[in-house]
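J.: One structure, as structure tokens, below. Some questions next.
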Amino acid sequence: MQASKPKEITAKKSENFDEWYTQVILRSELMDYSPVSGCMVFRPLSYAIWEIIQRATDELFKKEGIQNVYFPLLIPERLLRKEQEHVEGFAPEVAWVTEAGNTKLEERLAIRPTSETIMYESFSKWIRSYRDLPLKLNQWNSVIRWEFKHPTPFLRSREFLWNEGHTVYATKEEAEAERDIILGIYSKITREYLALPGIIGKKTDKEKFAGAIATYSIEHLLPDGKAIQGPDFHLDGQNFSKAFEITFLNKEGKREYAWQNTWAITTREIGVMVATHSDDRGLVLPPKVAPIQVVIIPILDEKSKVEVLNAARDISKRLESVARVKLDDRDYYTAGWKFNDWEIKGVPLRIEIGPRDIKASQVILARRDTLEKFSANMKDLERAVIDTLESIQSNLYLKAERFLKENTRKASNIKELKELLEKKGGIIQVGWCGMRRCEDKIKEETGGKITNLPLQADRFEKCVICNMESKMTANVAKSY
């Protein structure tokens with residue numbers, strides 16, 4: 001019995017990106033909408049992807065001596081107000097708890113927008129001597145940030161999942177050295193797991209994290225030509241240690257303020273991955289983050305049903321040691337319906353086996369990324385699966401990297417910058433004098449903004465706005 005019609009993506013990625021993206025994330029069963037505006041439901045598929053990202057990232061954290069902790073969701077208002085720049089930066093986004101049952105609370109409690117303030121209250125008690133440093137902690141949790149008008153699931157939502165790392169060092173040099181370590185971890189995850197390239201750079205003072213002295217980010221480019229911020233790292237200097245009295249006695253017995261960093265990767269990366277790799281048939285998942293890497297679909301008829309199912313089960317057992325495998329032996333759907341269903345859900349590799357394949361001692365492999373189909377000898381199946389999954393992972397990254405390079409351009413004046421952003425989008429590199437007024441003028445004239453200042457880039461002689469000497473190269477883009 002056929003239980004339902006196959007799902008279908010009706011919007012085209014190249015014609016209506018927003019509608020296409022919405023259809024893909026809903027019909028692939030990644031997420032669903034919740035009754036709370038701007039908040040979403042992570043369905044099993046998306047949460048399984050997040051668990052893979054989380055495990056891989058956490059393993060790299062642990063190799064650097066970073067330990068996991070958990071701090072409360074609710075933060076007293078008096079703590080949130082201790083660091084003025086920090087509270088001013090987050091004030092519009094904070095959701096407050098003011099009552100419990102029928103009792104009005106004596107002090108408002110903020111629902112965690114980020115955890116600096118509640119964690120650092122404890123740090124000030126735990127750290128006494130240089131022997132207590134470095135302190136390297138991380139927590140995996142969710143946060144609420146309320147202030148925005150146009151939520152987009154995964155890419156921009158009021159509640160999201162993330163890691164937030166918080167480290168404390170005795171010296172400025174030690175704290176600064178951590179930047180490349182953490183950004184290296186995030187770059188490994190985005191590139192090697194999610195197959196996502198990005199541009200690493202420093203945020204402008206206008207765009208940096210509230211309370212930090214410097215912010216560094218990995219910026220992605222989406223197929224609609226808009227940039228979006230990925231993982232980030234914040235050098236907090238001594239701003240928070242002075243606000244929260246996080247001090248220690250150094251080796252000479254002198255009291256000093258500690259140096260701190262914070263850093264995060266979020267479930268936004270799932271949305272970036274979906275938007276970057278998926279196509280008009282549905283979701284496309286890189287094998288390293290696919291909860292199911294290989295789906296086996298037996299081609300059944302009444303005469304050979306038992307033989308084909310047994311062969312499919314044998315293949316499933318064989319492949320368990322080399323891949324995450326699913327045998328779809330549902331007999332109430334046709335093979336064609338299953339093909340469509342697993343294509344929409346983005347499973348990287350499909351194996352088809354029917355009575356003719358058994359006689360020929362082969363199976364048919366179908367790649368999700370290129371839609372290519374080819375036969376593989378049964379005796380060499382493990383190697384064929386391993387090689388094909390590696391090829392898919394590599395192909396998705398190279399395709400995304402090519403798109404980023406082809407859509408990263410240069411402009412020498414405001415007219416060129418405006419025309420490029422309007423006609424082609426993408427990331428436009430320009431010279432910048434470093435002045436806030438010129439940064440504001442870029443936004444005013446083009447609708448784009450400086451996303452970050454790339455650590456590696458060609459230098460420009462003059463600022464794109466004022467024509468004075470350029471002090472740095474800036475990436476400009478329209479962004480989420």
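The values are calculated or read from the model by the stated rules, or taken from the named source; none is laboratory data. This structure is a prediction, so every number in the text was calculated from the model and none was measured. For neighbour counting, all protein chains shown are included, and Cβ atoms are generated from backbone atoms with ideal geometry for every residue, glycine included.
J.: Tell me whether segment 390-406 contains one or more residues that are under 28 Å from the mean Cα position of the chain (by Cα) and farther than 30 Å from Phe374 by Cβ.
T.: no
J.: What number of residues within segment 182-194 are surrounded by fewer than 16 Cβ atoms within 10 Å (Cβ to Cβ) and either part of a loop (DSSP other than H, G, I, E, B) or in contact (Cβ under 8 Å) with a residue 12 or more places away in the chain (or both)?
T.: Residues in segment 182-194 being surrounded by fewer than 16 Cβ atoms within 10 Å (Cβ to Cβ) and either part of a loop (DSSP other than H, G, I, E, B) or in contact (Cβ under 8 Å) with a residue 12 or more places away in the chain (or both): 2 in total.
J.: If I filter segment 356-379 for residues that are touching a His at 6+ places or on another chain (Cβ under 7 Å), under 30 Å from Trp337 (Cα atoms) and assigned to a helix (DSSP H, G or I), do I get at least one hit?
T.: No, because not a single residue in segment 356-379 is touching a His at 6+ places or on another chain (Cβ under 7 Å), under 30 Å from Trp337 (Cα atoms) and assigned to a helix (DSSP H, G or I).
J.: Right, another one. Let me confirm something: among Leu249, Leu319, which residue is in contact with a Lys or Arg (Cβ under 8 Å, 6 or more places away or on another chain) and touching a residue at least 60 places away in the same chain (Cβ under 8 Å)?
T.: Within the list Leu249, Leu319, the selection yields Leu249.
J.: Among the residues of segment 1-26, write down those that are at pLDDT 95 or above, surrounded by fewer than 17 Cβ atoms within 10 Å (Cβ to Cβ) and assigned to a loop (DSSP other than H, G, I, E, B).
T.: Thr10, Ala11, Lys12, Ser14, Glu15, Asn16
J.: Let me confirm something: among Ser124, Ser142, Ser129, Ser157, which residue is surrounded by fewer than 20 Cβ atoms within 10 Å (Cβ to Cβ) and under 19 Å from the mean Cα position of the chain (by Cα)?
T.: Going through Ser124, Ser142, Ser129, Ser157 in turn, just one is surrounded by fewer than 20 Cβ atoms within 10 Å (Cβ to Cβ) and under 19 Å from the mean Cα position of the chain (by Cα): Ser142.
J.: Give the residue, chosen from Glu51, Glu85, Glu29, Glu93, that is farther than 19 Å from Phe154 by Cα and among the acidic types (Asp, Glu).
T.: Selected residue: Glu85, the only one of Glu51, Glu85, Glu29, Glu93 that is farther than 19 Å from Phe154 by Cα and among the acidic types (Asp, Glu).
J.: So, one more: Assuming Gln429 fulfils every condition listed in (1) buried (at least 19 other Cβ atoms within 10 Å of the Cβ); (2) over 27 Å from Gly184 (Cβ atoms) apart from one, which condition is it?
T.: With (1) buried (at least 19 other Cβ atoms within 10 Å of the Cβ); (2) over 27 Å from Gly184 (Cβ atoms) applied to Gln429, the lone miss is (2).
J.: Out of all the residues in segment 153-168, is one or more touching a strand residue (DSSP E or B) at 6+ places or on another chain (Cβ under 6 Å), in a loop (DSSP other than H, G, I, E, B) and of a type in the set (S, T, N, Q)?
T.: Scanning segment 153-168 turns up at least one residue that is touching a strand residue (DSSP E or B) at 6+ places or on another chain (Cβ under 6 Å), in a loop (DSSP other than H, G, I, E, B) and of a type in the set (S, T, N, Q).
J.: In segment 350-359, is there at least one residue being aliphatic (A, V, I, L, M) and touching a Phe, Trp or Tyr at 6+ places or on another chain (Cβ under 8 Å)?
T.: Checking segment 350-359: not a single residue is aliphatic (A, V, I, L, M) and touching a Phe, Trp or Tyr at 6+ places or on another chain (Cβ under 8 Å).
J.: Among strands (runs of 3 or more DSSP E) lying entirely in segment 195-304, which contain 2 or more residues that are more than 28 Å from the chain's Cα centre (by Cα) and at pLDDT 95 or above?
T.: Hits in segment 195-304: 247-249, 255-257, 294-298.
J.: A follow-up question, please. Here is a list: Ile265, Ile296. Which entry is hydrophobic (A, V, I, L, M, F, W, C) and closer than 30 Å to Ile353 by Cβ?
T.: Of the residues listed, the single one that is hydrophobic (A, V, I, L, M, F, W, C) and closer than 30 Å to Ile353 by Cβ is Ile296.
J.: With the condition being aromatic (Phe, Trp, Tyr) and within 28 Å of Lys149 (Cα to Cα), I'd like the strands (runs of 3 or more DSSP E) fully within segment 62-130 carrying at least 1 qualifying residues.
T.: Hits in segment 62-130: 95-100.
J.: Suppose we keep only residues that are more than 21 Å from the chain's Cα centre (by Cα) and more than 21 Å from Lys415 (Cα to Cα) within segment 441-460. Which one would you say is surrounded by the fewest Cβ atoms within 10 Å (Cβ to Cβ)?
T.: Once the filter is applied, the top-ranked residue is Gln456.
J.: Looking at (1) at pLDDT 95 or above; (2) over 35 Å from the mean Cα position of the chain (by Cα), which one does Asp331 not meet, given that it meets all the others?
T.: Unmet for Asp331, out of (1) at pLDDT 95 or above; (2) over 35 Å from the mean Cα position of the chain (by Cα): (1).
J.: Scan Ser46, Ser14, Ser34 and give me the residue that is more than 30 Å from Ala175 (Cα to Cα) and under 20 Å from the mean Cα position of the chain (by Cα).
T.: None of the other options fit; the residue is Ser46.
J.: Here's another thing I want to ask about it. Please pick out the residue among Ala311, Ala366 that is over 33 Å from the mean Cα position of the chain (by Cα), buried (at least 20 other Cβ atoms within 10 Å of the Cβ) and more than 30 Å from Ala227 (Cβ to Cβ).
T.: Checking each option against the conditions leaves just Ala311.
J.: What are the pairs with Cβ atoms under 7 angstrom where one residue, in segment 51-73, is farther than 12 Å from Gly165 by Cα and the other, located anywhere, is acidic (Asp, Glu)? Sequence gap at least six, or different chains.
T.: Ile53/Glu269
J.: I would also like to ask the following. Do we find that Asn163 is surrounded by fewer than 20 Cβ atoms within 10 Å (Cβ to Cβ) and not charged (D, E, K, R) in this structure?
T.: No.
J.: Something else about it: Looking only at residues that are within 26 Å of Glu390 (Cα to Cα) and in contact (Cβ under 8 Å) with a residue 60 or more places away in the chain in segment 322-335, which one is surrounded by the most Cβ atoms within 10 Å (Cβ to Cβ)?
T.: Ala323
J.: Sticking with this structure for a sec: Could you tell me whether Val274 is touching a Ser or Thr at 6+ places or on another chain (Cβ under 6 Å), under 30 Å from Glu401 (Cα atoms) and surrounded by 15 or more Cβ atoms within 10 Å (Cβ to Cβ)?
T.: So Val274 fails the test.
J.: Identify all residues within segment 423-433 that are modelled with pLDDT of 95 or more, more than 24 Å from the chain's Cα centre (by Cα) and within 20 Å of Ser479 (Cα to Cα); write none if there are none.
T.: Answer for segment 423-433, where residues must be modelled with pLDDT of 95 or more, more than 24 Å from the chain's Cα centre (by Cα) and within 20 Å of Ser479 (Cα to Cα): Val430, Gly431, Trp432.
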